[in-house]
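Heads up, the thing below is written out as structure tokens.
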Number of protein chains: 2
Amino acid sequence: MSIIVLGTVALDSLKTPNGIKKDLLGGSAAHFSMSARHFTLVNLSAVVGSDFPKKQITMFKNKGINIDSLLVKKGKTFRWTGEYKAEDLNTAVTLDTTLGVLLDIAPTVNEKQKNVNNVFLANYDPDIQLDFLNTLNKPNFVGMDTMNLWIYTKKKSIAKLMKKVNLLLLNDAEARDFTGQKNMLKAAKLLISLGPQIVIIKKGEHGGLLYSKNHLFALPAYPLEEVIDPTGAGDTFAGGVMGYLVKSKKINAKTLIKAVLYGTIFSSFNVQGFGMEKTKNLSLSKVHERMTIFKQFFKF
Amino acid sequence: MSIIVLGTVALDSLKTPNGIKKDLLGGSAAHFSMSARHFTLVNLSAVVGSDFPKKQITMFKNKGINIDSLLVKKGKTFRWTGEYKAEDLNTAVTLDTTLGVLLDIAPTVNEKQKNVNNVFLANYDPDIQLDFLNTLNKPNFVGMDTMNLWIYTKKKSIAKLMKKVNLLLLNDAEARDFTGQKNMLKAAKLLISLGPQIVIIKKGEHGGLLYSKNHLFALPAYPLEEVIDPTGAGDTFAGGVMGYLVKSKKINAKTLIKAVLYGTIFSSFNVQGFGMEKTKNLSLSKVHERMTIFKQFFKF
């Protein structure tokens, strides 16, 4: 059992009420891998520049992440600089984006990995997501994420891609922007009608909603007193969800609920530290400890 | 087992994306009663004007609500006119408030009801809430709600009252305004330090959070495709919570979780119709039906 994730591996710089950080390891595929690796072999497909720190590549290897499809290309690594303001820690304000090598080349799949049939298309240009999916030999279970930029600029490409995915993960603002629906259940129903069998709408500190033709459920977030840095929370959530589903090999009410539960707990750790501070060395037993507390909420 | 609720009985007029309504039965005590009555005898303490429709008084009686402390005073019934806009169905915009008889007299307690020891002080001027509490002989379990107006104008009175209550219910905006804390868990901790043993923060469509020295839990709202009119949702929630706690006679993790669960389900019905359309004739078996669906969300 393994999964291949297409996404970014980035160097993030942050301004937050809790401090300023420079060149933290980030990116959608990196955050995704950090939680998914607990359940399945993760094959990471991304492009970084020649300035990308070697110790981070070693770190991926040490975590058991397959980096055969991590291209190191001459040039600069994708860098994102963002700010979180005290008034709204949920919303990032982008201060600067340096695409670097992402302008030159799209991630590819190593020949040996083309048979991997579980796929996660983390946030990326939807045309590249689609091309990537098409290079795989037999994608069987496909998840995807997207972002507001692509909804505004490439909605048709997203719609085309959506027909080919099983699980769509997006946040509430994106669901609203894509469907024009303010009600999240209506938005989820509309999204389902466009292709994916399962839609999960992430609501940050307010938890999440899962909808499919046969399932509907909602979970709160794990209540935290302090959010240090929400960057990557959605990708960490996705890694928990997809990783657990791949491991459990079947999709039913029980595995879906458990998957969302893992996503919820993994992402609660992610936001408690800068970058991957809290997820990089996280053990599954720590995850289960917090899960046990969380489950107590629902002992009716 | 019985409870006395101090609050308003009002005539609400509404402008919503789903229609315009005039002189709907409303008010905090009325909405509270509509859910609490399923668990315990509710004694309603409020003031209405001579224009208050007799059929509504009969309705209260028919629902088993004791109206010995419902004063009918010469003059006009309290009227609230509000608007909900499609962009944000959670937030009411007040268009007009006619206090009417509320300017002349505060609700009182009928002599026979002074020994009732379960009390809910629904949203009202905190000085009147405090006076009311002081006229009771042996209040034992006291819940309260408040609103932004009193937080801005009478914060000290609220703080004085808070020392005397066991359970504080308020919404997230109020918790933020009162404490200056954006993090709801931090806000709840701060509120607990001011007197109440239990704090429940209501987050509308995002569910709620309960905090005490010994308990912490969060629940999502019941996902609904359509919200018709959220007026009174918080009071309906409070009625479910307080009513169930009075009925169960003890406060522990199990009864608190169940109480919040009832509050959640009752308020989900409330928002599906104008005024009390959906709660007036609601049966407990319908509540349990929806509760069974909701509980499936948490079958991990």
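For the range A:6-26, give me each residue that is among the small types (Gly, Ala, Ser) and modelled with pLDDT of 95 or more. Steps first, answer last, please.
Step one: filter the range A:6-26 for residues among the small types (Gly, Ala, Ser), giving A:7, A:10, A:13, A:19, A:26.
Within the range A:6-26, A:Gly7, A:Ala10, A:Ser13, A:Gly26 qualify.
Given the condition part of a strand (DSSP E or B), more than 30 Å from A:Ala173 (Cβ to Cβ) and of a type in the set (Ser, Thr, Tyr), answer yes or no: does some residue in the range B:77-87 qualify? Talk me through it step by step, then tell me what you get.
Initial filter on the range B:77-87 (part of a strand (DSSP E or B)): B:79-85.
Next, from what is left, pick out any that are more than 30 Å from A:Ala173 (Cβ to Cβ): B:79-81.
Filter again for of a type in the set (Ser, Thr, Tyr), leaving B:81.
Yes.
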*Is at least one residue of the range A:229-241 touching a residue at least 40 places away in the same chain (Cβ under 8 Å), polar (S, T, N, Q) and either more than 12 Å from chain B (Cβ to nearest Cβ) or outside any loop (DSSP other than H, G, I, E, B) (or both)?*
yes
_Among (1) closer than 19 Å to B:Leu121 by Cβ; (2) of a type in the set (Val, Ile, Thr); (3) within 14 Å of another protein chain (Cβ to nearest Cβ), the one test that B:Val246 misses_ = (3)
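Mind telling me which of the residues A:Lys286, A:Lys250, A:Lys295, A:Lys254 ends up being more than 20 Å from the chain's Cα centre (by Cα), basic (Lys, Arg) and farther than 26 Å from A:Ser2 by Cα? Break it down into steps so the answer makes sense when it comes.
Values: A:Lys286 fails: farther than 26 Å from A:Ser2 by Cα; A:Lys250 fails: farther than 26 Å from A:Ser2 by Cα; A:Lys254 fails: farther than 26 Å from A:Ser2 by Cα.
Sole residue among the options that is more than 20 Å from the chain's Cα centre (by Cα), basic (Lys, Arg) and farther than 26 Å from A:Ser2 by Cα: A:Lys295.
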_B:Lys63, sole failed condition from (1) loosely packed, with under 14 Cβ neighbours inside 10 Å; (2) in contact with a Ser or Thr (Cβ under 9 Å, 6 or more places away or on another chain)_ = (1)
*Would you be able to say whether some residue in the range A:112-127 is modelled with pLDDT under 95 and either hydroxyl-bearing (Ser, Thr, Tyr) or surrounded by fewer than 16 Cβ atoms within 10 Å (Cβ to Cβ) (or both)?*
yes
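Of all strands (runs of 3 or more DSSP E) completely enclosed by the range A:141-219, which ones contain at least 3 residues that are within 14 Å of chain B (Cβ to nearest Cβ) and not hydroxyl-bearing (Ser, Thr, Tyr)?
A:198-202, A:208-212, A:216-219
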*Starting from the range B:189-204, keep only residues that are over 24 Å from B:Ile265 (Cα atoms) and in contact (Cβ under 8 Å) with a residue 40 or more places away in the chain, then list their pairs with residues that are charged (D, E, K, R) and part of a helix (DSSP H, G or I) whose Cβ atoms are within a distance under 9 Å, requiring at least 6 positions of separation or different chains.*
none
*asked:* When the residues of the range A:28-76 are narrowed to those that are hydroxyl-bearing (Ser, Thr, Tyr) and assigned to a loop (DSSP other than H, G, I, E, B), which ends up farthest from A:Leu136 (Cα to Cα)?
replied: A:Ser50
*asked:* Let me spell it out: the conditions are (1) part of a helix (DSSP H, G or I); (2) at pLDDT below 95, and A:Thr94 meets all of them except one. Which number is the exception?
replied: (1)
*Single residue of A:Leu261, A:Leu209, A:Leu256, A:Leu216 found to be over 21 Å from A:Leu44 (Cβ atoms), touching a Ser or Thr at 6+ places or on another chain (Cβ under 8 Å) and modelled with pLDDT of 95 or more*: A:Leu256
_I want to confirm something. Restricting to the range A:149-178 and keeping residues that are charged (D, E, K, R) and more than 19 Å from A:Lys138 (Cα to Cα), which single residue is surrounded by the fewest Cβ atoms within 10 Å (Cβ to Cβ)?_
A:Lys156
*Of all residues in the range B:219-253, how many are closer than 14 Å to B:Thr40 by Cα and buried (at least 21 other Cβ atoms within 10 Å of the Cβ)?*
9
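Counting only residues that are assigned to a helix (DSSP H, G or I) and either within 14 Å of another protein chain (Cβ to nearest Cβ) or without any contact (Cβ under 8 Å) to a residue 40 or more places away in the chain (or both), how many does the range B:280-300 have? Working first, answer last.
Step one: list which residues in the range B:280-300 are assigned to a helix (DSSP H, G or I), which gives B:284-296.
Then drop every residue that is not either within 14 Å of another protein chain (Cβ to nearest Cβ) or without any contact (Cβ under 8 Å) to a residue 40 or more places away in the chain (or both), which leaves B:285-296.
Result for the range B:280-300: 12.
The values are calculated or read from the model by the stated rules, or taken from the named source; none is laboratory data. Small disclaimer: the values here were computed from a predicted structure and weren't measured. Heads up, the Cβs are rebuilt from the backbone with ideal geometry, glycines too, and the neighbour counts pull from every protein chain shown.
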